[in-house]
Structures are given as C-alpha cells and as structure tokens.
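Nothing in this text is a laboratory measurement; each read-out follows from the coordinates by a stated rule. Because the structure is predicted, anything quoted here is derived from the model rather than measured. Don't worry about glycine lacking a Cβ; one is built from the backbone with ideal geometry, like all the others, and counts go over all protein chains shown.
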Amino acid sequence: MMKAMTNAFRGPPIRLLAVLPPLLATGIAGRVEAQSQAEVGKPSSRLGLAVPGPIATDVRISSEPDVVLAGTLYLPAGHGKGPYPLAVMIQGNGPNKRGGFSELIKRLSADGIAALEYDKRGVGQSTGIYEEDPERLTADAAAAVAAMRHRSDIAGSRIALVGHSGGGVIAPAAATADPDIAAVVTLAGNVGDGLPYVRKGLYRQMMKMVVGGRDTLVGPATDAAMTLLQARVDSRDAATISRLRANAVDRFEAAGFPRPQAEQALAMIDVPEAWKGSKLRSASDLKALHIPVLAIYGTKDTVVDDAPAARAALASNPRARVVMLDGLGHSFQEGAVTGAPDEASKLGPYLGSPRLVEIVGDWLRDTLSSKSGRGIRQVR
C-alpha cells in the first residue's frame, strides 16, 4: 500500500502549486512565452477584409508606493481621433509582462476600442518589487485607469476591466472601488473569499492525489495547513508556528505522503503569497457589482473551476453573463486534450481561441457602445 502511495506522489507535489488559486498556481501566463507587441500590431481581418492593426504607444503610469508601471496603449486605427472606449487588460498570477492579450487586442481595435497592457510591478520595465499582493495589484489597476482618464483620446466613462485568472480577482476589486468603471470581464477568474477559498482548492487537489480520495485523510491534512496559514496571518509567535508546521507535516504524512514529500509540499504552501489569501474577496466583489459583467470559463480548465461560484455571486445582477466554452483549458487555447497547464506551450495563441475572442469582442463592443450597457443578456 505504501509503495503504491509513494508511486502516486512521485513528482506530483509540484501540483500543490495549483491548489492555491489565485495566489500560486494561476501563473500559466508566466510559463508561456508572451506574444510580442509587434504581433499585436499586425493587421486583423473582419468579413474577409483587411483591418489596420492598432497603433502602439508606450506609456508610464505612476502607482503606489513609488511604483511606475510600463505599459503599451493600443489605439484603434481607422476610427477617427477618439475619444475611444478602453479595455484595461489585467494579467493572471506570475511575473507577467505585456503580451498576453494579443488576439483580443486586435479584435477590439477593429471595433474602435483602445486597449492597455502593462508589465506587472517589478517585472519587465515596471519598477517596484514583484509580489502577488491583491491590494497592491488592485491599486496598480486603479492607477492605470486614472492615468487613462487624463487622456483626451480615451473616453473616461467607457472603460472596461478585463482580467484573466488571478486578474479576474483584481478586475472586480478595482471596479467595486470605482463607480465609473463601465464593465468587467473575467476569464477563468477565481471566485471566493479568504482562506476558506484557498482551503477549497487545496482539498480538491489533494483528493485527486491521495489514493482513494478519502476525506478522513485529506480533511485533517487540509485543515492543519489552513490552521498554519491563519497563524501566519495572525502573526503568531515562532513557537506556535513551529508546532503547527510539525502538525501539518504529520497530517500530510498520515494522508499518504512520504515524509520528505510531505515537508516539500508544505514548504510550497506555507509562503507569503498564500498567507495573503486572507485578503481575497472576489466573491463579495462580484456580488457587489451592478454593472455589466461577463465571466467565461473553459470545460477543460484544471486550475480554476469557479463557474458555479460566479453564477451564484452574479445571480442578482441582470446585466451579468456567465459562459462555459467547451473544450478549452485555463489559457483558452484551441486544441486542448487534457487541459493541463503543461499543454499551453504546445497550443495556439495564449487567450487566442477564436470563440473566446468573438464572445468577448462582441460583448465589449455592445457594452461599451454606451455606458448603460444596453441589451446585455442575463446570467446563464
């Protein structure tokens, strides 16, 4: 029995990085080579006709504390001088630079919608220290919106926030604090509040990894890990932390992990990014929104499975829509077989499924045509 468990756990502890959404595992974009800005600038096509590509302009955005974000503003060609509606693109977890929304940006440009991408703080040409802190990343998104509203070529009342994965946490958070945001799009966005959401992801992944998926083994191990994280959040003393860590390792071992791998797994979980899971409020933020919201998920997503939670959070919003796209994984690329993150580098453009681009493009075109979001369909 122990030999079977040892084989089951050989290698997979790395997958525990995938159980702490939105903090650790949703950084698929960081593992996929982003498309270049030159690729975004290539002409698109609509109805068989060539459409000029967007005009790229480098921008610098001041955020707090003392952070300058390096971004690229894509203005649509062939649509007059503006002011244009704008989509601010917010990337998922990981040290991600610009380039992840190339296909969508080309589509938006064809419809006369500007787009902004920026390197995350401490990444690429942006200053500051990289960290996955929801509050600081939300402040960066708010700073990006504020900077765009000062431009004469941007319609400040028609700005949408588009977030992928962990960016789908930041977009609703920024929108709840800004009543003038026109719309929100979340692509495989995490939906949950606080450490209970982190526990849900950890429990789900461990049930897959433990032979037989026994709750009597997985439940105590998961609870022990969460008790440790809560102690970190509460700044408990070193002796308490040491005792709770030892208990968590014991519980992982009791669940079937060989002790060295139990220690390795806990070391991956007990990190500052995970402690900050206590700040997660994406379910509450979505519930508080009364503006148009589009939430899209893929049926082969092995990282985030939050469509039901999104429907529940958006149930009272008549201008919200939840969509499931068959056969697409977390990075929304056509051709997924298993949906596992390691497939992403072998597939087509990141966030490039024509089905995804069409749905998001049509929705933003219709929504941003007026601030009222006229004609938005209800949650389904």
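Qualifying GluC sites (Glu not before Pro) in the stretch 272-355, where qualification requires a DSSP coil assignment and no more than 16 other C-beta atoms within 10 Å, comprise 334. Arranged from fewest to most other beta-carbon atoms within 10 Å of their beta carbon, 284, 102 become 284, 102. Across all Cα pairs in the stretch 198-277, the calculated P(r) in 10 Å bins from zero up to the longest distance comes to 20, 56, 22, 2 percent per bin.
Computed over the Cα atoms of the stretch 285-352, the ratio of the radius of gyration to the Kirkwood radius (Rg/Rh) comes to 1.06. When 299, 176 are sorted by how many other C-beta atoms sit within 10 angstrom of their C-beta, beginning with the fewest, the order is 299, 176. In the structure shown, do any of 279/300; 97/208; 200/276; 120/208; 97/287 have a Cα-Cα gap over 26 Å, and if so which? Going by Cα-Cα distance, 279/300; 97/208; 120/208; 97/287 fall outside the 26 Å limit. The gain in end-to-end length when the residue 358 to residue 152 segment is fully stretched comes to 71.3 nm, 0.36 nm per residue minus the alpha carbon separation. Report note on the peptides 300-306, 180-186, 227-233, 362-368: ranked by the mean count of other C-beta atoms within 10 Å, highest first, their order is 180-186, 300-306, 362-368, 227-233.
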